[in-house]
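Readers should treat all values here as calculations from the given coordinates under stated rules, not as data from a laboratory. As the structure is a computational prediction, the values presented were derived from the model and not from experiment. Cβ atoms come from the backbone with ideal geometry, glycine included; neighbour counts cover every protein chain shown.
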Amino acid sequence: MQHAITGRGRLLPMTGPPSGDLGTIDGPWIILVTDGVVVEVRPGGLRPGDPESVTDVGAALCTPGLVDPHTHLVFGGDRSDEAAARARGERYTGGGILRTVAATEATPDDVLRDGLRGRLGRAMATGTTTIEVKSGYGLTAAAEIRLLRLIGEAAAPLPLRVARTYLGAHAVPPGMTPASQAQAVIDALPQVASLADHIDVFCEPDLFDVSLARSILLAGRAHGLGLRIHADQLRRSGALSLGVELGARSVDHLEQATADDARLLADSGTVATVLPGPALLLRGGLPPVRALFDAGATVALGSDANAGTFGEPSMPLAIGLGVMIGCSVEEAWWAATRGAAASLGLADTVGCLGPGMAADIVAWDVEHEGAAAMRPGAIRPVRAWFAGRPRSD
Ligand SMILES: [Zn+2]
């Protein structure tokens, strides 16, 4: 089944580099889609032989669907009071995770599933077509398996592409040490691996240090999982270097990273995933986005929507905040699409609009990409296609 999408405004296919013009076409333009896959993107109008099935988006800005490569969306309870306390100047220690673990354990499956589905719905309503969701508010093998299963169940009826990440090494539960929890995370892998695409570690010196993180990630890799690390967020720990050494798909946060780290990443295949929302809220430093782009590192933007620090799975907001911390508008859009797809190991499937890529496409309620910086978090899709299918609601 072939379909054509046409427009007379700006199309950002993201086929160019982040520092360039993103392959931008000023309309008119046409995207030909067959069986959910882009077969051709070209300037100009319809020609003889083009499909009869056509959707015209008029003057709307059109981009690939947004990709959110870092979220923690399955949890129970509410910690908004902690956000207020932190804003009064109380230091964040990461200890609040255990409060969410207890609240999640006390929440029935159907309530957790509905809560997650609501958050995934908010992500789709803001233009996200691919999203990563981590476990990590369970910690025991049984509780982590429960959360990974619920992510799969919540995602199944949705058109959204959902990548699952096993984050048993998110915190140390009562009665455990970092070393014993790391071993428990590794021991659960035979049961967990079939429910996840990636494994992640919250690597901090007094939590899971580089040595424990290495053991966990190597074990995850042996079970076929892609590697991700919460790296150098609160303190500079060597996690970024570990990620590069192990060929991780992504090192995330990077608030304490330096220009030397940026050069190390630029020479690697590891993506730098920066999360401006929590970085701004936690006031513990900002990731060196300018140094990362200038060095030539592959940069992704993510929401980090989670239970304790930053709650909204909105990639238009991440783009707007990304510009506030140093990205150009073009870099921020690129990082929220093509960079984020690379962070998830999906660069051959989503994140740009060229022949052979998934027809995940969003037409926005604005005419220029700069609106994402001027109205952070406020731009909205007027139409969205998931693998060529228009969103039905
Ligand atoms: Zn995170």
## Note on the structure
Proxy exposure order for T15, T6 (fewest C-beta within 10 Å first) is T15, T6
## Note on the structure
Listed with the fewest Cβ neighbours within 10 Å leading, L353, L240 appear as L353, L240
#### Entry: Ranked packing of 205-213, 316-324, most packed first, by mean Cβ within 10 Å
316-324, 205-213
### Message
Loop-only GluC sites (Glu not before Pro) in the stretch 1-90, please: DSSP not H, G, I, E or B, and at most 15 other Cβ atoms within 10 Å.
### Response
E52, E90
### Task
Within the chain, what's the longest run with no trypsin sites (Lys or Arg not before Pro) in a DSSP loop and at most 10 other beta-carbon atoms within 10 Å? Give the range, please.
92-393
### Summary
Per the C-alpha gyration tensor (a ≥ b ≥ c, the square roots of its eigenvalues), the chain is rounded if a/c is under 1.5, else prolate if a/b beats b/c, else oblate; here it's prolate
### Message
Give me the net charge for the shell around L120: Cβ to Cβ below 12 angstrom, other residues only, Lys and Arg +1, Asp and Glu -1.
### Response
+1
#### Entry: Cα-projected label distance for D267 with L158, points at 7 Å along beta-carbon direction, nm
4.0 nm
#### Entry: S314, S268, S194 arranged by Cβ crowding within 10 Å, fewest neighbours leading
S194, S268, S314
### Task
Within the stretch 283-351, report the chymotrypsin sites (Phe, Trp or Tyr not before Pro) that DSSP leaves as loop and that have at most 14 other Cβ atoms within 10 Å.
none
#### Entry: Projected label distance in nm at D78 and D56, using a 7 Å step from Cα toward the beta-carbon
4.7 nm
### Task
Report the extension gain between S328 and T34 in nm, rounded to one decimal, defined as 0.36 nm multiplied by the number of residues separating them, less their alpha carbon distance.
102.5 nm
### Task
Quick one: net charge around G9, please, counting Lys, Arg +1 and Asp, Glu -1 for every other residue with C-beta under 14 Å from its C-beta.
-2
### Under the Karplus curve 6.51 cos²θ - 1.76 cosθ + 1.60, θ = phi - 60°, whole-Hz ³J(HN,Hα) for the stretch 216-229, x wherever Gly or Pro sits
5, 5, 5, 5, x, 4, 5, 9, x, 8, x, 9, 9, 9
### Message
Given the -39500 (n - 2.57) contribution per DSSP H run of 4+ residues, what per-residue ellipticity at 222 nm results for the chain, rounded to the nearest 500 deg cm²/dmol?
### Response
-9000 deg cm²/dmol
### Message
Explain nothing, just compute: Karplus ³J(HN,Hα) = 6.51 cos²θ - 1.76 cosθ + 1.60, θ = phi - 60°, for every residue of the stretch 200-207 in order, whole Hz, x for Gly and Pro.
### Response
9, 9, 7, 8, 9, x, 9, 10
### Message
Suppose R0 equals 25 Å. What FRET efficiency, 1/(1 + (r/R0)^6) with r the Cβ-Cβ distance, do R149 and D206 give to the nearest 0.05?
### Response
0.20
